[in-house]
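First up is the structure itself, then whatever we jot down about it.
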Amino acid sequence: ETAVFQTPNYHVTQVGNEVSFNCKQTLGHDTMYWYKQDSKKLLKIMFSYNNKQLIVNETVPRRFSPQSSDKAHLNLRIKSVEPEDSAVYLCASRDRGDEQYFGPGTRLTVL
Amino acid sequence: SQWGEENLQALSIQEGEDVTMNCSYKTYTTVVHWYRQDSGRGPALIILIRSNEREKRSGRLRATLDTSSQSSSLSITAAQCEDTAVYFCATDRTGGYKVVFGSGTRLLVSP
C-alpha cells in the first residue's frame, strides 16, 4: 500500500527549463528525504528534513532547492536543468524505528 | 561485495539455491539497512540490523553484521523467482538523517 506519493511519475524537459516535483507522505513521520538515483542505480541522498527544517544538505548544485510547507510535504525544484540531472528522484520518509519508506520516484529526462 | 561508487554487482542463480550478498562499509555505523528495489518502484526495507546485533532473521532472509570488519551480509534461503530485484545495503550513524547506500546487487533468480 503506497503511503509516500510522488508527482509526476515522469517528466521530459529541455536544458535550461525549471521543473518541480512533489512528495507527500501520509504516515505521520517527521523526517523526509530526497534521493537521486542514476542510471547505474546508485542512490545518493540530496536533502533530509525534520519537521519542516533542513537537516542535511549534501553537495548538491545550487539550482536544486527543496521546499517543505509542513512535515507531510517535501517538494523539489530544479532551476535551469542540465543533462546530468536526468535521473530518478526518490522521496522517502522515516519512522522512529529508522525504517525509510520510499515513494515510486519521478523519472526526469533532460533533452 | 557492494559499496560506494563501485558498479552495481550482478548475481544470477537458479530457483531453490541459496545466495549471499555482501556489503562492506567504510565508516562507523549504528545500523545496517537492507533494502530491495523492484523494477519501477522505490526501495523497500527488508531487514534492519543494529550494531549490537550479530544476526537477524526474517522468514527466508538472514542478515549478519560484523562491526569489527565493518561488513554485513544478506542471505536468502531457497531463492524464488520473486526474489529477483536489486538489493542495497545502507548505513547510518547520524540518527537517520544521512543514510548512505551501497552500490547494490542485482539478483536474478531463474526457474
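Key figures for this structure:
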quantity: Cysteines without a disulfide-compatible partner [the protein assembly as shown; Cβ-Cβ under 4.7 Å]; calculated: B:Cys81
quantity: For chain A, average projected area of the Cα convex hull in nm²; calculated: 6.5
quantity: Label point distance in nm, B:Thr30-A:Asp95, each placed 7 Å from Cα along Cα→Cβ; calculated: 1.8
quantity: Rounded to whole Hz, the Karplus (6.51, -1.76, 1.60) HN-Hα couplings of the range B:106-111, x for glycine and proline; calculated: 8, 9, 10, 10, 9, x
quantity: FRET efficiency for B:Ala78 and A:Thr26, using Cβ-Cβ distance with R0 set to 30 Å, rounded to 0.05; calculated: 0.25
quantity: For B:Ile46, distant residues with modelled amide H under 5 Å away; calculated: B:Trp34, B:Tyr35, B:Arg36
quantity: The range A:50-101: chymotrypsin sites (Phe, Trp or Tyr not before Pro) in DSSP coil with no more than 14 other Cβ atoms inside 10 Å; calculated: none
quantity: Candidates per trypsin sites (Lys or Arg not before Pro) in the range A:22-66, loop by DSSP, up to 16 other Cβ within 10 Å; calculated: A:Lys40, A:Lys52, A:Arg62, A:Arg63
quantity: Estimated FRET transfer efficiency when R0 is 41 angstrom, pair B:Thr67-B:Ser39 (beta carbons, to 0.05); calculated: 0.80
quantity: nm² value of the averaged projected area, convex hull over the Cα atoms of the range B:37-111; calculated: 5.8
quantity: Restricting the range A:1-110 to GluC sites (Glu not before Pro) in coil, as DSSP defines it, with at most 12 other Cβ within 10 Å; calculated: A:Glu1, A:Glu18
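Bear in mind these aren't lab numbers, they're just calculated from the coordinates by the rules spelled out. It should be emphasised that the depicted structure is a prediction, and the values quoted were computed from it without experimental measurement. As a convention, Cβ positions derive from the backbone with ideal geometry for all residues, glycine included, and neighbour counts pool all protein chains shown.
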